[in-house]
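J.: One structure coming up, written as structure tokens, with questions to follow.
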Amino acid sequence: MNFDVIVLGSGPGGYIASIRSAQLGMKTAVIEKDSLGGVCLNWGCIPTKSILNSAKILQEIKKNKKLFGINQIKVDFSQILSKSRNIVDKMRKRISFLMKKNGIHVIHGEAKLKKGKKIEIFRDKQKIGECYASHIIIATGGKPKIEKKFQQNPKKIIGYKEALSLSKLPKKMIIIGSGSIGLEFSYFYHSMGTEVILIELFPKLFPSGDEEISDQIKFIFDKIGIKSYVSSFIKKINYTDKGIIVDIKNSKKNITIEAEIVLSAIGTIPNINIGLEEIGIKTKDGFIVVDEKYRTNIEGYYAIGDVIEGPSLAHVASNEAISCIENIKELNPQKIDYGNIPKCVYCSPEIASVGYTEKQAKEKGYKIKVGKFPFHSIGKSICDENIEGFVKVIFDEKYDEWLGCHMIGNNVSELISEVVVARKLEATNYEIMGSIHPHPSLSESILESIFHAYGKSIHL
């Protein structure tokens, strides 16, 4: 079959690209080797948020059991995972509906690129057909990055997919890496009753974050019983009938830990084993090379999402998808500002950030004003009985540019968009401090932190 646009992959980049393409009148197909929605919907963003929500509900019940006369709490681990799969099914059906609504051809199979804008489609390693398109968009996403020394026993060293489908709750788990995946699974499994040990190569947990955020999450994890080792790496792994023994090299000493299972959460790598070499599409450090319009070096081929260099985030891939398609139609879409991308972690407390950290701002040569406001001084936080964390803002002293904002606390993922919009509109402290926020609300923390930065704090 011939199409105007074929999209490889139906994740948050792929399915958005296919819908926008169809909306603009192009005959469109999407090829998916697994389930509609890609990793994000099926094994990433959505099911993890479901299990984290269950964990947070459990913690609220435990915290308030005396208030409501609850004497016994029983956790059904399998039901919690089953609930997350049911949510995935609902959302997958929604995407299937959108495909049909927009007249998009959905082809299930594995795609291989061939010369002449041809794509061969395989199922169970057997060729089942081929198709052609004027424009081919590669949106095949990423896959778990697992070091070679961790690949010896896939049942005892697992990735995020396996962590969402374990048959029973492990008594003890080692998690390698304290980025978003590591922090979220650490909180979830700890909440379920697993003893969790978190291993981080860098000197701080959540190493990509602002240092004060990293210090706060370490303090909170220590307090609730999630043990962590920073400046640490795994030297040796031994397998036993009961589980796994890990030798860890720490900056201070050598440590040996025995556990049932190890979760590798050290990130993802592009999933690009689709025949790029035959077409001649350039890559660099494992990523497909594209220009500002997401065009590869070969005419008619494009790439978006985790297969190109940049933030590996679903909302970034979705925006790249729309921009790519609208560039194909020469609609002159606005360019994505990669310096204004919000990043969130959904453990408890949540983490949300955008822009420069304090350290980055100083390294860029800015003279800065920094404000910080704790949630324990916010009325809504006190009412919610979630007082941990703070909001931190960073402004350029000279031009009053809002350089960055970093939050840790209850529901901060719902607060960060205000900062993104304000930075997009180049709002200064004057505009924000003149914008009345509702009381009581968590959003007051943003306003209060800016008051603090400019020496006008009332509640500190």
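J.: Of all residues in segment 10-65, count the ones that are among the β-branched types (Val, Ile, Thr) and free of Cβ contacts under 8 Å to residues at least 40 places away in the same chain.
T.: Count: 2.
J.: Are any residues in segment 418-460 farther than 22 Å from residue 376 by Cα and of a type in the set (S, T, N, Q), and if so, which ones?
T.: Those that are farther than 22 Å from residue 376 by Cα and of a type in the set (S, T, N, Q): 428, 429, 435.
J.: Would you check which residues across segment 432-460 are assigned by TED's automatic domain parsing to the domain that holds residue 374, part of a loop (DSSP other than H, G, I, E, B) and of a type in the set (A, V, I, L, M, F, W, C) and list them?
T.: 436, 442, listed by residue number.
J.: Kindly list, by first and then second residue, each pair from a residue in segment 158-179 that is within 18 Å of residue 88 (Cα to Cα) to a residue that is of a type in the set (D, E, K, R), limited to pairs with Cβ atoms under 9 Å and residues at least 6 apart or on different chains.
T.: So the pair list comes out as 162/155; 164/85; 165/85.
J.: Quick one: which of 257, 266 is outside any strand (DSSP E or B) and closer than 23 Å to residue 144 by Cβ?
T.: When all the criteria are applied, what remains is 266.
J.: Right, next: Whether any residue in segment 153-173 is of a type in the set (S, T, N, Q), surrounded by fewer than 21 Cβ atoms within 10 Å (Cβ to Cβ), over 22 Å from residue 315 (Cβ atoms) and touching a strand residue (DSSP E or B) at 6+ places or on another chain (Cβ under 7 Å) is what I want to check.
T.: Yes; the residues of segment 153-173 include at least one that is of a type in the set (S, T, N, Q), surrounded by fewer than 21 Cβ atoms within 10 Å (Cβ to Cβ), over 22 Å from residue 315 (Cβ atoms) and touching a strand residue (DSSP E or B) at 6+ places or on another chain (Cβ under 7 Å).
J.: Please specify each residue of segment 380-410 satisfying the condition of being in contact with a His (Cβ under 7 Å, 6 or more places away or on another chain) and touching a residue at least 60 places away in the same chain (Cβ under 8 Å).
T.: Answer for segment 380-410, where residues must be in contact with a His (Cβ under 7 Å, 6 or more places away or on another chain) and touching a residue at least 60 places away in the same chain (Cβ under 8 Å): just 392.
J.: Among the residues of segment 76-90, is any modelled with pLDDT of 95 or more and more than 20 Å from residue 188 (Cα to Cα)?
T.: Yes: segment 76-90 contains one or more residues that are modelled with pLDDT of 95 or more and more than 20 Å from residue 188 (Cα to Cα).
J.: Inside segment 98-155, can you point out the residues that are within 30 Å of residue 243 (Cα to Cα) and of a type in the set (Val, Ile, Thr)?
T.: Here is the first cut: in segment 98-155, the residues within 30 Å of residue 243 (Cα to Cα) are 142-155.
Matches in segment 98-155: 146 only.
J.: Also, I was wondering about something else. Within segment 196-214, count every residue that is more than 23 Å from residue 406 (Cα to Cα) and touching a residue at least 40 places away in the same chain (Cβ under 8 Å).
T.: The number of residues fulfilling the criteria is 2.
J.: Collect the residues in segment 86-105 that are within 26 Å of the chain's Cα centre (by Cα) and surrounded by 14 or more Cβ atoms within 10 Å (Cβ to Cβ), keeping them in residue-number order.
T.: Going through segment 86-105, the residues within 26 Å of the chain's Cα centre (by Cα) turn out to be 86-99.
If the condition is that a residue be within 26 Å of the chain's Cα centre (by Cα) and surrounded by 14 or more Cβ atoms within 10 Å (Cβ to Cβ), then 87, 88, 91, 92, 95, 96, 98, 99 are the ones that fit.
J.: Please specify each residue of segment 227-265 satisfying the condition of being of a type in the set (Gly, Ala, Ser) and surrounded by 13 or more Cβ atoms within 10 Å (Cβ to Cβ).
T.: Those that are of a type in the set (Gly, Ala, Ser) and surrounded by 13 or more Cβ atoms within 10 Å (Cβ to Cβ): 228, 231, 232, 243, 259, 264, 265.
J.: Which residue out of 21, 10, 50 is among the polar types (S, T, N, Q), at pLDDT 95 or above and over 26 Å from residue 86 (Cα atoms)?
T.: Just one listed residue meets the conditions, 21.
J.: Could you identify the single residue in 118, 125, 155, 148 that is charged (D, E, K, R), over 19 Å from the mean Cα position of the chain (by Cα) and on the phi > 0 side of the Ramachandran plot? Write out each step before concluding.
T.: Working: 118 fails: on the phi > 0 side of the Ramachandran plot; 155 fails: on the phi > 0 side of the Ramachandran plot; 148 fails: on the phi > 0 side of the Ramachandran plot.
Answer to the check: 125.
J.: Does residue 217 count as part of a strand (DSSP E or B), surrounded by 15 or more Cβ atoms within 10 Å (Cβ to Cβ) and touching a residue at least 60 places away in the same chain (Cβ under 8 Å)?
T.: On the way: part of a strand (DSSP E or B): no; surrounded by 15 or more Cβ atoms within 10 Å (Cβ to Cβ): yes; touching a residue at least 60 places away in the same chain (Cβ under 8 Å): yes.
No, not satisfied.
J.: Run residue 127 past the list (1) touching a strand residue (DSSP E or B) at 6+ places or on another chain (Cβ under 7 Å); (2) under 23 Å from residue 345 (Cβ atoms); (3) surrounded by fewer than 21 Cβ atoms within 10 Å (Cβ to Cβ) and report the number of the one that doesn't hold.
T.: It fails just one condition, (2).
The values are calculated or read from the model by the stated rules, or taken from the named source; none is laboratory data. Here the structure is a predicted model, which means the values were calculated and not measured. Neighbour counts run over all protein chains shown; Cβ positions are idealised from the backbone, glycine included.
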